[in-house]
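Chemist: Encoded as C-alpha cells, here's the structure I'll be asking about.
The values are calculated or read from the model by the stated rules, or taken from the named source; none is laboratory data. Keep in mind that this is a model prediction, so the values were computed, not measured. Methodologically, a virtual Cβ is constructed for each residue, glycine included, from the backbone with ideal geometry; neighbour enumeration extends over all protein chains shown. Note: areas computed on protein heavy atoms with side chains; ligands, DNA, RNA excluded. Shrake-Rupley method; radii C 1.70, N 1.55, O 1.52, S 1.80 Å.
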Amino acid sequence: MTRSILLAAIVSVSALGTAFGQDIAETDPYTPYPFAQITDDIRYPAAQPPEGTVSQHGEIEYLANNVFGTHWYVEANNAVWHFVTAGDPEDEVILFVHGHPDTWWSWHEVMSYLADDFYVIAVDTLGYGQSDKRLDLDLTYGGVATGVAAFMTEIGVENFNLVGHDRGSVIGDHMVAQEEVNPRILAYLRMQQSADKPHGLPRPNHDAMKDVAFHTQPNFMRDLFESEYFSVKMSEEHLARAAWEYGFAGTAAAAAVRYSDASFDKELEFRLAEVFPRMTMPVVFMQGQHDPGQRPEEYWETADLVPDGEVLIVDANHFIQAEKPKLVADAARDLFD
C-alpha cells in the first residue's frame with residue numbers, strides 16, 4: 001500500500017493495536033526540550049498551561065536566521081491559547097494560522113524572515129499543539145475563528161495582517177465573514193485552500209478524518225510529508241519537530257471533532273455567499289502549482305470575485321511554508337508592506 005493510499009484510509013483499531021488513543025509523540029524519541037531561558041520582558045499575564053504541555057510562559061526559543069521567539073499562554077474566550085512571538089511588539093502585526101496536521105511550528109522559518117519589520121505571532125489553534133484541547137470547547141471553524149480574534153484582543157492587538165494555510169485558511173475565511181472581526185484584518189495571505197471552484201481530485205478524505213483512529217496512525221506525520229501526494233522536501237529536524245508538536249495528548253480527539261465540521265461543498269457555498277463579498281481588504285491567494293488536488297486552473301476566476309484580490313501560483317507543493325519559507329515571507333512582505 002502506498003503512503004497516499006494509507007493516509008486516505010481509516011486504520012482499524014486492531015491494526016493500530018496499542019497505538020490507538022496514544023499520541024504520536026509517544027512513539028517518537030525526538031524531543032526539543034528542555035529550554036531554560038525565560039525572557040525578562042513578560043508582556044502578557046500568564047494563563048495556566050494545558051495539562052501535558054511543556055513550554056513555559058516567556059520561554060525563549062531559537063527560530064532561525066539569528067531570530068529568537070518567545071512562547072506564551074493566555075486565556076481568552078474561556079480557553080487557553082499557546083502562541084509564539086518574535087520581533088518588536090510596536091511594529092505592525094502578522095498573525096499566522098496553521099492548518100492540519102500542523103502547529104505554530106510550521107511558521108517558524110517564515111517568522112524569522114519577517115521579524116525585523118513586523119511583530120509576528122503564530123498561534124496553536126484550539127485542539128492543536130499546546131493550546132487547549134478540551135472537547136467541550138467550540139472546535140468548529142467558526143468557533144475557533146471567534147476565539148482567535150478574542151485571543152488577539154486579549155494580548156492588546158486590534159488590527160493585524162492575516163496569513164492562513166490549508167485549514168487555517170478556513171479559519172481565516174470565517175474571520176473575514178464575521179462582522180466584528182472583518183474590519184480588523186488589514187490584508188490576507190490565503191494559502192492552499194480552494195477558492196471559487198470546488199476542491200479538485202484527489203480530495204483529502206474528510207470522512208476518514210472524523211475518526212480518531214486516522215490521527216493516531218504510527219508515523220502519521222512522516223507518512224504525510226513523505227507521501228506521493230505531498231512529497232515535501234524538508235530537513236529531518238523540521239520533520240521530527242513537526243511530528244512532536246502534533247503529538248501532544250488530546251490532539252487526535254480534537255482533530256477528529258474539528259473534521260466533523262468540515263465539508264468541501266459547504267465551505268465552497270460559504271465562500272461564495274459570505275466570504276468573497278466581504279473581502280474588501282487586499283488578498284493574495286497563494287497556491288503551489290504542484291499540489292495534485294488544487295490545480296492552478298481552479299483559481300483563474302478568483303480575482304474577478306475579489307476586488308483587491310490576486311492569485312499567486314508558485315513553484316511548490318502543498319506545504320509551501322515548510323518547503324520554501326522565504327518564498328512565503330517574500331510574498332507576505334510584498335502584500336503587507
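Chemist: As an exercise, identify the GluC sites (Glu not before Pro) in the range 45-83 lying in DSSP coil whose Cβ has no more than 16 other Cβ atoms within 10 Å. Each step should come with its number before you reach the end.
Modeler: On the way: sites: 51, 59, 61, 75; in loops: 51.
Here the GluC sites (Glu not before Pro) that fit, given the DSSP loop and packing criteria, are 51.
Chemist: Above 15 Å lies some portion of the pair distances; for the range 38-102, what is it as a whole percent of all C-alpha pairs?
Modeler: Working: 1224 of 2080 pairs.
I get 59 percent for the Cα pairs in the range 38-102 exceeding 15 Å.
Chemist: Any idea what % of Cα-Cα pairs in the chain are farther than 26 Å? Before the final figure, lay out each step's value.
Modeler: Numbers: 24791 of 56616 pairs.
Value for the chain (Cα pairs over 26 Å): 44 percent.
Chemist: Another question, if that's okay. For the range 207-307, which chymotrypsin sites (Phe, Trp or Tyr not before Pro) are both in a DSSP coil and crowded by at most 14 other Cβ atoms within 10 Å?
Modeler: Answer by residue number: 300.
Chemist: Accessible area per residue, 1.4 Å probe, Å², for the range 171-211: what's the number? Provide the component values of the computation, followed by the final result.
Modeler: On the way: 1460 Å² over 41 residues.
Value returned for the range 171-211: 36 Å² of accessible area per residue.
Chemist: Still on this structure, I have one more. Using the crude model of +1 on Lys and Arg Cβ and -1 on Asp and Glu Cβ, and no other charge, please compute the dipole size for the chain relative to its Cα centre, in debye to 20.
Modeler: Working: 21 positive and 53 negative charges, 168 e Å.
Its charge dipole is roughly 800 debye.
Chemist: Further question: Cα extents of the range 234-297 along the three principal axes, largest first, in whole Å?
Modeler: Largest first, the range 234-297 extends 39, 29, 25 Å along its Cα principal axes.
Chemist: How far apart, in nm, are two points set 7 Å out from the Cα along the Cα-to-Cβ line at residue 60 and at residue 304?
Modeler: So the two model labels end up 5.4 nm from each other.
Chemist: Give, as a single signed number, the net charge of other residues whose beta carbon lies under 13 Å from the beta carbon of residue 59, with Lys and Arg counted +1 and Asp and Glu -1.
Modeler: Numbers: positive: none; negative: 40, 41, 61.
So the environment of residue 59 carries a net charge of -3.
Chemist: Grab the DSSP H runs of the chain that are 4 residues or longer, score each as -39,500 (n - 2.57), total them, divide by all residues and round the 222 nm result to the nearest 500 deg cm²/dmol.
Modeler: Working: 14 runs with 103 residues, N = 337.
Roughly -8000 deg cm²/dmol at 222 nm, from the helical runs in the chain.
Chemist: Considering only protein heavy atoms, with the full assembly of protein chains and a 1.4 angstrom probe, order 67, 120 by accessible area, largest first.
Modeler: Working: 67 25, 120 0 Å².
Of 67, 120, the descending order of accessible area is 67, 120.
Chemist: Within 10 Å of each candidate Cβ there may be at most 14 other Cβ atoms; applying that plus a DSSP loop requirement, which GluC sites (Glu not before Pro) in the range 108-209 survive? The partial results should precede the final answer.
Modeler: Values: sites: 109, 154, 158, 179, 180; in loops: 158, 179, 180.
Those satisfying the criteria are 158, 179, 180.
Chemist: What do the square roots of 5 times the Cα gyration tensor eigenvalues come to for the range 136-286, in whole Å, largest first, as semi-axes of the equivalent ellipsoid? Walk me through the intermediate numbers first.
Modeler: Working: eigenvalues 144, 67, 55 Å².
Over the Cα atoms of the range 136-286, the semi-axes work out to 27, 18, 17 Å.
Chemist: Let me make sure I get this right: for the range 69-123, a, b and c are the square roots of the gyration tensor eigenvalues over alpha carbons, sorted descending. Under 1.5 in a/c it's rounded, otherwise prolate if a/b > b/c, else oblate. Which is it?
Modeler: Details: a/c = 2.20, a/b = 1.29, b/c = 1.71.
Cα axes put the range 69-123 in the oblate bin.
Chemist: Under 27 Å from the Cα of residue 233, which lysines turn up, not counting those fewer than eight places away in the same chain?
Modeler: Candidates past the 8-residue exclusion: 324, 326.
Chemist: Of 202, 152, 128, which is farthest towards the positive pole of the chain's charge dipole, taken about the Cα centre with +1 and -1 on the beta-carbons of Lys, Arg and Asp, Glu respectively?
Modeler: 202
Chemist: Find the Cα radius of gyration of the range 164-221, compare it with 2.2 N^0.38 Å by division, and give the number to two decimals.
Modeler: Working: Rg = 14.8 Å, N = 58, 2.2 N^0.38 = 10.3 Å.
For the range 164-221, the normalised Cα radius of gyration comes out at 1.44.
Chemist: If you don't mind, another one. What residues from the range 99-115 fall in the zone where the backbone N is under 20 Å from a label point 7 Å along the Cα-to-C-beta line of residue 235?
Modeler: Counting backbone N atoms under 20 Å from the label point, the list is 102-115.
Chemist: Follow-up question, since we're still on this one. May I ask you to derive the FRET efficiency for residue 269 and residue 36 from their Cβ-Cβ distance with R0 = 41 Å, giving the value to the nearest 0.05?
Modeler: Values: r = 50 Å, r/R0 = 1.22.
Step by step, r from the Cβ atoms, then E = 0.25.
Chemist: From the P(r) of the range 37-187, could you give the percentage of C-alpha pairs in the tail past 25 Å? It would help to have the intermediate numbers written out before the result.
Modeler: Values: 2197 of 11325 pairs.
Roughly 19 percent, rounded to a whole number.
Chemist: Given a Förster distance of 30 Å, report the FRET efficiency between residue 91 and residue 179 from their Cβ-Cβ distance, rounded to the nearest 0.05. Numbers along the way, then the final one.
Modeler: Working: r = 27 Å, r/R0 = 0.91.
After rounding to 0.05, the efficiency reads 0.65.
Chemist: How much of residue 237 can a 1.4 Å solvent probe reach, expressed as accessible area in Å² and rounded to 10?
Modeler: 130 Å²
Chemist: How large is the charge dipole for the range 185-268, taken about the Cα centre, if only the Cβ atoms of Lys, Arg (+1) and Asp, Glu (-1) carry charge, to the nearest 20 debye?
Modeler: Values: 9 positive and 12 negative charges, 36 e Å.
It works out to roughly 180 debye.
Chemist: Taking the Cα centre as origin and putting +1 on Lys and Arg beta-carbons and -1 on Asp and Glu beta-carbons, what dipole magnitude results for the range 189-337, to the nearest 20 debye?
Modeler: 340 debye
Chemist: Give the distance, in whole Å, between the Cα centre of the range 210-277 and the Cα centre of the range 121-150.
Modeler: 15 Å
Chemist: To check you understand DSSP bridge types, tell me what percent of the beta bridges within the chain (both residues inside) are antiparallel, rounded to 5. Spell out each step's value before the answer.
Modeler: Numbers: 16 of 40 bridges.
Just about 40 percent of them are antiparallel.
Chemist: So, with a 1.4 angstrom probe, what is the percent of accessible area on the range 263-327 that is carbon and sulfur? It would help to have the intermediate numbers written out before the result.
Modeler: Details: 1540 of 2950 Å².
Solvent-exposed carbon and sulfur of the range 263-327 make up 52 percent of the total.
Chemist: With a sphere of radius 11 Å drawn around the Cβ of residue 117, what net charge do the other residues whose Cβ falls strictly inside it have (Lys, Arg +1; Asp, Glu -1)?
Modeler: Working: positive: 333; negative: 88, 91, 92, 116, 337.
So the surrounding residues net to -4.
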